[in-house]
Each structure stands twice: as structure tokens, then as C-alpha cells.
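Trainee: Structure provided below as C-alpha cells; questions to follow.
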Amino acid sequence: MLRKGMVMAVAFVLVAGVAYAAGPPEVEFPDPDETITMVVPFGAGGGTDLIFRELVDEMNNYTEAEIIVDNIGGAGSATGTNEVLGLPADGYTILASGAHTVTATLQGLTEGYRELEGIIGLNWDPFIVAVHRDAPWETFDELLADAQDDPEALTFGNAGMGGATGVLTVGMNLHFDEVFNVTPFDGGADLIANFLGQHVDIGVFSQTEVAEHMDEMTPLMIVHPERSTIPELQDVQTYQELGYEDLEVPFGSYRSISVRAGTPQEHKEALADIATQAFESDRFQNYMQEQGLLPEYSRLEELDAYFEELEELFYPILEAADLLDN
Amino acid sequence: MTEFLSGVALIGDPVTILWIMFGVCFGIVLGAIPGLTATMGIALMLPLAIQLETATGMAMLLSVYSGAIIGASVPAILLGIPGNPNAIATIYDGYPLTQQGRSAEALIGATVGSFVGGIGSLILLALFAPLIARFTLRFGPAERAALALVGLTIIASISGRRLAKGILMGAFGLALAFLGPDRITQTMRLPLPSVTMGTPLANGIQLVPALIGLFGISQALYDISRVKSGTFTPPQVSFRGSIPKPRIFVRMWRMMVESLGIGTFIGAIPGAGASIAVFLSYQRAQRRRAPAVEGGEAPQLGSGALEGVVAPEVANNACKGGALIPALSLGIPGDAATAVLLGALLIQGVVPGPTLFIDELPLVYAILGSLLLANVFMVIFQLAGISVFPKVLTTPVPILLPLILVFSLLGSYAVEGRAIMAASFNMGVALVLGIIGYFLKKNDYPIAPIVLGLILGDMLEQNFRRAMRLARGDYTVFLRSPIALAFLVLAVVSVAYALWSSRRHSDDSDTTHGEADD
């Protein structure tokens, strides 16, 4: 009786072992019954959120699984990024990453891109340097001349030191021997309110913000080698056209999609295929054109390499602004 | 006229009206759950709204906004827990009224106040939006810092005789506000940075979990201890003679007008927030209390006076119309909820700003019309709920108190939506502050100054330092701005008045002073 029992037990262990070794049946990724969550690490309704919502809407046309947007804002973009890093690396949670991920990582608020892997790179949203319509400057050269005459008398506002506009203003100020008084405000809306109220002399804005307030702003420079695709802004000269070719600063906001490191390669490829189809769709290309977003496509390892380039660009600026994680 | 009719047509169809009704209902329920805010409700409904016609979608979102604000007053009055930060000041007299068995009276007061605030600010929005928006642009960092200072002086008036304790608690609130990143340099201000850096504490203490902890959890713990010691008297639920006569509200007209002005104006200053408006209007109501009704001594504010519910509710709802002023006329959101509303408009291809009143006039009329309808439905649903809401108080205490604790913890968790780490952290914050609040309550320390410190600390510090940076360290910037100077004078007068008033009351030992009962 005992022997019979032992044989049965051994047989069970063997069968179970073989079954375990074979693993669960392969499920196609993404499972049509599952939901893929795109974590946007900023509040709903903001510039970054609107771009990713447009993309996700289009991505849903290329997969049977449902893709949704979840806004998890806070601490720059670190709160949302940390949430993604705390969830399984299975490809069902993806992050709206970008230049903000690089700054948050360098500031030590998150492990960020060191624990992320790229899916696709999307675009740059180049910033515009502007002054109030009632201000005396018509060109950037005039503005710079006045700033050099009385260093730190002219105030240069950004939407927050840790964000993309903060990095840009600090970088520009470094380049121009710190002649500006760089002052951070509490987000883009706060900067615009203070700018329109003329509490700050110079501001750095997204193109859509400038287009909305064209009658009260004089745009002086677009921080990108190419001019804007937005009709009202096509006369704004690039920093290269204005003779500042050696200005090495991030152009503005860069946006991409990433997943947690360790996500299976085939899942990453499937996500990259879906996102690429949405990116290349007429609808998204037209949307980018309308919003002045300049395409900067990269895929998987190319995006990882691009993040390394961004780190090299951002590091000295954040170091100068004393924003690095010590 | 054609534009007006086109605007009416945009929202006049039965489907839109049904969406408005749904939005108000959803908003009231959402607002009544501690921790769930108007901003969260609008963000939740955003994907649905963008599938609808622009005017219908906006009408629905505005209805959620309106509903959530009045909904927050329900737990404030019935349980002493503000549903969201806008309802903080409503608890001072709302909760004592409930404890006296006059919850229906308080709920009606809140509804009337909300309606007056909502409609009044709507009228101001329709008539003077561009003008007010232009004026609020004069509020730069120096003016906002001075306004925050005026707000902090409210600590003196809501602390009553416990002035020293109130100041101490205000300082505790300020200390909490300073945790997290320095907003100017982004340098971290954290205890044990090597441990706390990658945690949600790096983002500082969030207001909503702090509120839930300090008001909800601490109150439940306090009540449990009173049940244990046999000193707890459950609130009475009685409706007899509890419908206030209309003339009582008519007598409050001056106070309502003041609160409407305060709410609309503060709401229109981007970043100032409703919390400061409700406290300022409460403070004004304290000083301009309606005369005693039907002879006899009218109750002091803080001990169950109807004015103490009406004033902050007028201001609270007026902030809503106020916040829409810069949003629609300049494209700058007045608060977090209107930021999401602006996002919804942008998704639909409508660019808010000065041209909105020219290019999209029918849509502007549709927005104003839907706000009007939302306010009307808000009154209808709220009045219908008045006989239902207080039934929560008939729940036996051994069930009610643990339920409050559970909902408080859930509410603090829900603030961050699906962000598990941040949500768990918020629950921890609520629990720790709840326990601190319990001991403070037991030792007769006022709680509200902590919240004021937490809210205004950030506003004061950021704007003060920004003003100094813009002025290259020149302190006279606060004296050169007429608005900032006026606020500084007001702050000094406010503190002097509170000190004088406090001394007068302590001299007269027979007079019982109406301390704010936290």
C-alpha cells in the first residue's frame, strides 16, 4: 500500500514538474482582455496630457486591448514615474516619458530612465522666448544688449526650476554670462498670469501659449533649428538665424514612451509597433503640425541612446543651477 | 441677440439638460465623499465629455464642478468633516448646528448660500469678466504674498481666547507646508533625505489627506474616546421647526454681498484658492453678524450660527464663477478644476482667451446658461436630499464612527487615483495627522490654524521669495505696490482687532466667547 502511494506521489511530482517547466500557455501580447495604462505624470488637461491623449486615442485603433490614460502628477514628473517603476514589468503599464524624466532623474527624485527602457520617441515642442507687447524690445539682440548693460536687472521667468522651461532659462542664462535674473513661477499658467500683468520682463512659453496670446506677446526667438509649423508663428526666427548657433540648450519639451526595465523584448516590440502606427497616422501627423510639435522619432534601443544624449545635454545645466542630486 | 439665441439652442435640448442633471447629481455624491474633489470629478468625466458636443460636454463638466462644491458641505455639516478643502469654514457653525439637532437648517443655509454665490458670481462673470480679469493681473508675487499674510491673520480671529495655542498650531501648519521641494530652488527639505528622497514625501504633505486626518480621523477618535468615557451625546435628528424663514436670509444680505465679492475676487486671482476666500468671508461674517432674530441673544459664530454656514458657502461657490473669469477671458485657470475645464475646451479645439468672447460668443452664452441651470438643479437636488442626508446620523454610533474612520482612510487613499504608492502614503499622512489631531483636540488646541498654515504657508513663502527675487532683494517692493500695502495695513488692523477683542472678552469673564469648535 505504501509503495503504491509512493509511486503515485512520484508520478504526481513528475507530471507537475513537467507542467511547471512548460509554463503557462503562451498568451499573445497585448491580451485583448487586458487594459494597457499609459501613465501621464502630469495633471489632466495640461499640454503633455493633451498630446498623449491624442496619441492613445489613435493607438486604440491598432490593438484590441484597451489603452487608457491615467494622470498621476506631482514632484515634477517623479510621482507618476515612481508608480510605473513600482508595477510589474509586463508592458501593461507604460509611461509618458521625455525630457521631464531626465530632469527628475538627475534631481534624484526617481530612478527614472535608469530603470526605464524606450518604446518610441515622439517629438519636441520647441519653446519661444517672448516679451510683453508693451515692452521696448523688438528683437532679441536689443533685449540682450540691455541685459548686458545692467546685469540681472531684467527678469527672465520660467514655469518652475525643475521643468523644461527652467532648464532652458538656466541654460540660456549660463550661455549669456548670467546677465538675466532667472525667476521660477508656479507652473505655466502662473507664469503667463505674471507675464501678462508685467511682473516679469521675459518669459519662455510653448508655441500654443504664444499663439493664444499673440496680441499681448512679442515673440523674439524660437529655440529650435527649424521655424514653427503654426502659421501665426512662422515669422519667428530660430536661434540659429539670429546668430546664436553655439547656444546649447534643450529645445523645449521632448516626449516619448517608455516601460519599466525588464519588460520582455517581444512585449516592447509589440508596443513599439502599435505606437509607431499611431505616430505615423495622418491624424497624429496633422495634429503635430497644427500644434507645432516637431517629430523626433526613435525606436527601442535608439530611444535609450537618445536619453543618454539628453543626459549629457542636461547635466551641466542642472549642475550650474544646483539642481543635481548630491 | 442671434449669438444669445444660438447659445441657448446649444444647451436647450433635452439631452444636454439630462447631462446637466446627471453632472450635478454625480458632483454632489462625489463632493460628499471626503477626499474626492471637484477637480477629480471633472478629470474623471473628461474622457466622457470630449465624446459629447462641445457645449454639452462643457455643461456636464461645469455641473460636476457645481455639484461637487455644494456636496462637500454635506459631510462638513453632518459629520464635521469637510468633503474637500473648500468646505473647511462651513464646519465651524454647520457641525454645532447638527449637534443641536438643526442639521436641516444648516443644510438649507448652505444651499441658499451656494445658490447666491453661484448665481451672483455668474452675473459678475457675465457682466465684468474682462474687467475683473485685467484687474487680477495686477496681483503679482508681492500682492499675493501680502494677501496670504492677511489670510494668516485669520488664525487670530478663529482661535478666540486660545490665541497662543492658535499661533502655535499655525506654526505647526507652516512647518508641514515647508516639507518637500523648495519651490524656488527645488532643493529638498526633508527629514532623513537618504531615506525619504524617493518616497512620496519628496512631494510634500498634500492638503486633502491632511484635512481628512485632522478633521475626520481625529474627530472619530475623539468621539470614540467620549463614547468610552460615557460623555458622548449623539447628534439629534429632528426636523421640527427647522426650516429657516426667508426673512432670516434677507437680513443677511450685506454679509452675502461681501462674501460674494470676496469669493468672486479671490477666485479670479490665479492660484489664490477657495480656502482663503471661505476663511476671509467667515471672518467678515464674524464682524458683521446679523442682529438677533425675534429678540434675545443671537448665537455667536462658532457655536451654531446660521451666518457661519451661509457666509463661507456664498464665498465658496462664488469662487467657482470667479475662477472662470481669468479662465475664459485670459485662458489662465483660476484653480485646479478650471485648469482641467480649459483642457477640455482645448481638446475640442476651442482656445479660451480674449478672442473667445468675440469668436465663440454662442459657446460663452452656453457656458453661462449651463452654469445657471446647474445652480438651479443643485438647489433642487440639495433640497430634496435634506430629508435624506441627515439619516446618516441615525446610524448607531458603534457603526457610524468606525464607518467614518474607514471612509476617511479610503478618501485619503483615493486622492491620488491609481497611484498606489502615493495613495498609501497619503493614507499614512491622514492617520498620523489624525492621531496628532486627536491629542490636540483632547488638550483644547484649535485645529483650523494648522490647515491655514498648511494652505497659506506655501502661497506666502513662494510669493514672498519670488517677489524678493524679482526686486533683487529690495523689501520696499511691498510698500511700492498700493495693493500689497493695503493688504499689509489690513493684516496689521486684523491682528490688532483680534487682540483687542480677545482682551475685551477675557476682561469680561461672564461673557462666554464663541470659540471655533474644531
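The values are calculated or read from the model by the stated rules, or taken from the named source; none is laboratory data. Just so it is clear, the structure is predicted and the values come from calculations on it, not from any experiment. Neighbour counts run over all protein chains shown; Cβ positions are idealised from the backbone, glycine included. Side chains are part of the model used for accessible areas, which takes the heavy atoms of the whole protein and leaves out ligands, DNA and RNA. Shrake-Rupley method; radii C 1.70, N 1.55, O 1.52, S 1.80 Å.
Trainee: Taking the full set of protein chains and a 1.4 angstrom probe, give the accessible area of B:MET169 in square angstrom, rounded to the nearest 10.
Mentor: Only protein atoms counted, so the area is about 10 Å².
Trainee: Here's another thing I want to ask about it. Give the percent of DSSP beta bridges with both residues in the protein assembly as shown that are antiparallel, rounded to the nearest 5.
Mentor: Rounded to the nearest five, the antiparallel share is 65 percent.
Trainee: Using Cα-only point scatterers and the Debye equation, what is log10 of I(q)/I(0) for segment A:127-253 at each q in 0.18, 0.19 Å⁻¹, rounded to two decimals?
Mentor: For segment A:127-253 at q = 0.18, 0.19 Å⁻¹, log10 I(q)/I(0) is -0.91, -1.04.
Trainee: In addition: Please give the net charge around B:GLY473, taking every other residue with its beta carbon less than 13 angstrom from that of B:GLY473, where Lys and Arg add +1 and Asp and Glu add -1.
Mentor: Neighbour charge sum, excluding B:GLY473 itself: +2.
Trainee: Taking the alpha-carbon set of segment A:235-326, what are its Rg and Dmax in Å?
Mentor: Cα-based Rg and Dmax for segment A:235-326 come out at 16.7, 47 Å.
Trainee: Taking a point 7 angstrom from the Cα of B:ILE167 along the C-beta vector, which residues in segment B:476-501 have backbone N less than 17 Å away?
Mentor: Residues B:491-501 fall inside that zone.
Trainee: Which ³J(HN,Hα) values in Hz, rounded to whole numbers, follow from the phi angles of segment B:319-330 under the Karplus curve 6.51 cos²θ - 1.76 cosθ + 1.60, where θ = phi - 60° and Gly and Pro get x?
Mentor: 4, 4, x, x, 5, 6, 4, x, 5, 7, 8, 10
Trainee: Can you pull the percent of chain B's accessible area that's carbon plus sulfur, 1.4 Å probe, other chains left in place?
Mentor: 68
Trainee: Could you let me know the centre-to-centre spacing of segment B:138-191 and segment B:345-403, using Cα atoms, in angstrom?
Mentor: Spelled out, the Cα-based centre of one part sits 31 Å from the other.
Trainee: Please give the solvent-accessible surface of A:ARG133 in Å², to the nearest 10, using a probe radius of 1.4 Å with every protein chain present.
Mentor: The accessible area comes out at roughly 110 Å².
Trainee: Still on this structure, please answer the following. Let me confirm one metric for peptide A:208-216, namely the mean number of other chain beta-carbon atoms within 10 Å of its residues' beta-carbons.
Mentor: Across A:208-216, the average partner-chain Cβ count within 10 Å equals 3.
Trainee: Another question, then. Grab the DSSP H runs of chain A that are 4 residues or longer, score each as -39,500 (n - 2.57), total them, divide by all residues and round the 222 nm result to the nearest 500 deg cm²/dmol.
Mentor: -12500 deg cm²/dmol
Trainee: Shifting gears a bit: Scan around A:GLY98 for amide H atoms under 5 Å from its own, H built in the peptide plane at 1.01 Å from N, and keep only partners 5 or more places away or cross-chain.
Mentor: Close amide H contacts, sequence-distant or interchain: A:SER256.
Trainee: Near B:LYS320, which aspartates and glutamates are there with a Cα under 20 Å away, not counting those fewer than 8 places off in the same chain?
Mentor: Of all the aspartates and glutamates, those that pass the test against B:LYS320 - Cα under 20 Å, at least 8 places apart if same chain - are A:ASP190, B:GLU258, B:ASP335.
Trainee: Taking the solvent-accessible surface of protein heavy atoms with a 1.4 Å probe, what is the per residue accessible area of segment B:2-505 in Å²?
Mentor: Each residue of segment B:2-505 exposes 37 Å² on average to a 1.4 Å probe.
Trainee: Normalised by the empirical 2.2 N^0.38 Å for globular proteins, what value does the Cα Rg of segment B:2-505 take?
Mentor: The reported ratio for this selection is 0.94.
Trainee: What list of ³J(HN,Hα) couplings, whole Hz, do you get for segment A:219-230 from phi and the Karplus terms 6.51, -1.76, 1.60, once you set θ to phi - 60° and write x for glycine and proline?
Mentor: Along segment A:219-230, the couplings run x, 9, 6, 9, 8, 7, x, 10, 6, 5, 8, 7 Hz.
Trainee: Count the net charge of all other residues whose Cβ sits under 13 Å from the Cβ of B:GLN51, scoring Lys and Arg as +1 and Asp and Glu as -1.
Mentor: Around B:GLN51, the surrounding residues sum to -1.
Trainee: Another one. How much accessible area is lost when chains A and B come together, counting both sides, with a 1.4 Å probe, in Å² rounded to the nearest 100?
Mentor: Counting protein atoms only, the buried area is about 3400 Å².
Trainee: Another one. What is the mean projected area of the alpha carbon convex hull for segment B:78-117, to one decimal in square nanometres?
Mentor: Hull-based average projected area comes out at 2.6 nm².
Trainee: Determine ³J(HN,Hα), in whole Hz, for all residues of segment B:103-119 in sequence, where each value follows from phi through the Karplus function 6.51 cos²θ - 1.76 cosθ + 1.60 and θ = phi - 60°; x replaces Gly and Pro.
Mentor: Whole-Hz 3J(HN,Hα) from phi for segment B:103-119: 5, 4, 4, 5, 5, 5, x, 5, 5, 4, x, 5, 5, 4, x, x, 6.
Trainee: Can you give me the Cα centroid spacing of segment A:248-279 and segment B:81-114 in angstrom?
Mentor: Cα centroid of segment A:248-279 versus Cα centroid of segment B:81-114: 50 Å apart.
Trainee: Separation of segment B:435-486 and segment A:160-187 by C-alpha centroid, Å?
Mentor: Rounded to whole Å, the Cα centres lie 26 Å apart.
Trainee: Rounded to the nearest 0.05, what FRET efficiency do B:ARG287 and B:LEU131 have when you use their Cβ-Cβ distance and R0 = 30 Å?
Mentor: Efficiency, from the Cβ-Cβ distance: 0.60.
Trainee: Search the structure for amide H atoms under 5 Å from the amide H of B:GLY83, placed 1.01 Å from N in the peptide plane, and list their residues when 5 or more places away or on another chain.
Mentor: B:ALA76
Trainee: Show me B:482-493, B:367-378 ranked by packing, highest mean number of other Cβ atoms within 10 Å first.
Mentor: Ranked by mean Cβ neighbours within 10 Å, highest first: B:367-378, B:482-493.
Trainee: For segment B:369-503, what is one quarter of the convex hull surface built on the Cα atoms, given in nm²?
Mentor: 15.5
Trainee: Here's another thing I want to ask about it. Which pairs, out of B:LYS391/B:LYS441; B:LYS245/B:LYS442; B:LYS245/B:LYS391, put more than 32 Å between their alpha-carbon atoms?
Mentor: Too far apart for the 32 Å limit: B:LYS245/B:LYS442.
Trainee: Let me ask something additional. Give me the distance in nm between label points sitting 7 Å out from Cα along the Cα-to-Cβ direction at B:ILE435 and A:GLU142, one decimal.
Mentor: Label at B:ILE435, label at A:GLU142, 6.4 nm between them.
Trainee: What number results when the radius of gyration of segment B:132-282, computed over Cα atoms, is divided by 2.2 N^0.38 Å?
Mentor: In units of the globular-protein estimate, segment B:132-282 measures up at 1.39.
Trainee: To continue, here is another question. Please compute the length gained on full extension between B:THR196 and B:ASN443, using 0.36 nm multiplied by the number of residues separating them and subtracting their Cα-Cα distance.
Mentor: Result for the pair: 85.8 nm of gain on full extension.
Trainee: With a bin width of 10 angstrom, please list the P(r) values of the protein assembly as shown as percents of all Cα-Cα pairs, from the 0 bin to the one holding the largest distance.
Mentor: 2, 13, 22, 25, 19, 11, 5, 2, 1, 0, 0
Trainee: Measure off 7 Å from each Cα along the Cα-to-Cβ vector at B:VAL492 and B:ARG189, then give the distance between these two points in nanometres to one decimal.
Mentor: 2.7
Trainee: Once R0 is set to 22 Å, what does the formula 1/(1 + (r/R0)^6) return for the Cβ-Cβ distance between B:ILE243 and B:ALA384, expressed as a FRET efficiency to the nearest 0.05?
Mentor: 0.95
Trainee: Continuing with the same structure: What FRET efficiency comes out for the pair A:ILE68/A:SER281, r = Cβ-Cβ distance, R0 = 22 Å, nearest 0.05?
Mentor: It comes to 0.70.
Trainee: Roughly what would the spin-label model give for A:ASP31 and B:LYS391, points 7 Å off Cα along C-beta, in nm?
Mentor: That separation, rounded to one decimal, is 4.1 nm.
Trainee: In terms of modelled amide H atoms, which long-range or inter-chain residues lie less than 5 Å from the amide H of A:LEU154?
Mentor: A:ASN181
Trainee: Place a point 7 Å from Cα of A:PHE176 in the direction of its Cβ. Which residues in segment A:132-158 have their backbone N less than 13 Å from it?
Mentor: Only A:132, A:137-158 pass the distance filter.
Trainee: Percent of accessible area on chain A owned by carbon and sulfur, 1.4 Å probe?
Mentor: After summing per-atom areas, the C and S share lands at 49 percent.
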